[in-house]
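As structure tokens, the structure follows; a few thoughts come after it.
The values are calculated or read from the model by the stated rules, or taken from the named source; none is laboratory data. A quick note: this is a predicted structure, and the numbers were derived from the prediction, not measured. Positions of Cβ are backbone-derived with ideal geometry, glycine not excepted, and every protein chain shown enters the neighbour counts. Heads up: the accessible areas ignore ligands, DNA and RNA and are worked out on the full protein's heavy atoms, side chains in. Shrake-Rupley method; radii C 1.70, N 1.55, O 1.52, S 1.80 Å.
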Amino acid sequence: IMTRDMGPRSRCLGDNLPELQAWESKLPNPRTSELPNYIPVRSSIQDAIDTDPTNVAAFASLAFACSRTFRQTDYRGGCNGARIRFPPESEWSDNLRVDTNGALDALEPIKQAHPDVSYADLIVLAGHTAIEHSSGLKMNFCGGRVDDDSGDASIGLEPMKYNTTGYGNVLYTFQNQGLSMEEGVALFATPCNGENTEISNQYYVDLLAGN
């Protein structure tokens, strides 16, 4: 149990370690080959956004849903592994609500055109590109994620309500994910599929207005 609570095996020091256990949810080994060229991949994602502007919301929502399972308490979850492609994540009500499966379908032709890029990197880069497109801000992208072959490691990571007060639940979620208040509040404005295609402060304007 202590080994699992410490996170991935790579965080342990020394060689005197117990045999790897199934419940450690080990990801495939990091790729040792040169990383692919992400520039044409990003161009393909941008073309998908230009063709259908609702993909801004779709890709941003997908990247957020894929990443928000991360827990800093034991380093489980996160988008490395791209387990959102499989149950249980693909069947969670929050993910069905924003149609993450539909967003994955929109990215599939890009994946087929760029097979060297992992689904995990593609999902994150799609969200990254959507934010750049909407905000006009350029950001650095860090690739190298790998793909899992099942969603078993996501069992037990479904978004939960920890108490009966909305404010307390929000604070606990931020802390569990290792987010600052500013980072957590900003993520509330992630556009939902089929709604806003631009990232702005409109969510907070509407919230303060009681809408």
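Residue-wise HN-Hα couplings along segment 206-211, as the Karplus relation 6.51 cos²θ - 1.76 cosθ + 1.60 with θ = phi - 60° gives them from phi, are 5, 5, 5, 7, x, 8 Hz; Gly and Pro carry x.
Counting only protein heavy atoms and a 1.4 Å probe, tell me what percentage of segment 84-179's accessible area is made up of carbon and sulfur.
It is 54 percent, rounded to a whole number.
Each Lys and Arg Cβ is given +1 and each Asp and Glu Cβ -1; about its Cα centre, segment 47-177 then shows a dipole of about 560 debye. Quick check on segment 27-101: take the gyration tensor over C-alpha atoms, sort the square-rooted eigenvalues as a ≥ b ≥ c, and tell me if it's rounded (a/c under 1.5), prolate or oblate. Note, shape of segment 27-101 comes out oblate.
Positive contributions from Lys and Arg (+1) and negative ones from Asp and Glu (-1), summed over other residues with Cβ under 15 Å from the Cβ of SER33, come out at -2. Under 5 Å from the amide H of ARG76 lie the amide H atoms of ARG71, each residue being 5 or more positions distant or on a separate chain, with H modelled from the backbone and absent for Pro and chain starts.
When only alpha carbons are used to place a centre, segment 47-84 and segment 97-161 end up 5 Å from one another. 3J(HN,Hα) along segment 56-69: 4, 5, 4, 6, 5, 5, 5, 5, 5, 5, 5, 8, 6, 6 Hz, from the Karplus curve 6.51 cos²θ - 1.76 cosθ + 1.60 with θ = phi - 60°, whole Hz, x for Gly and Pro.
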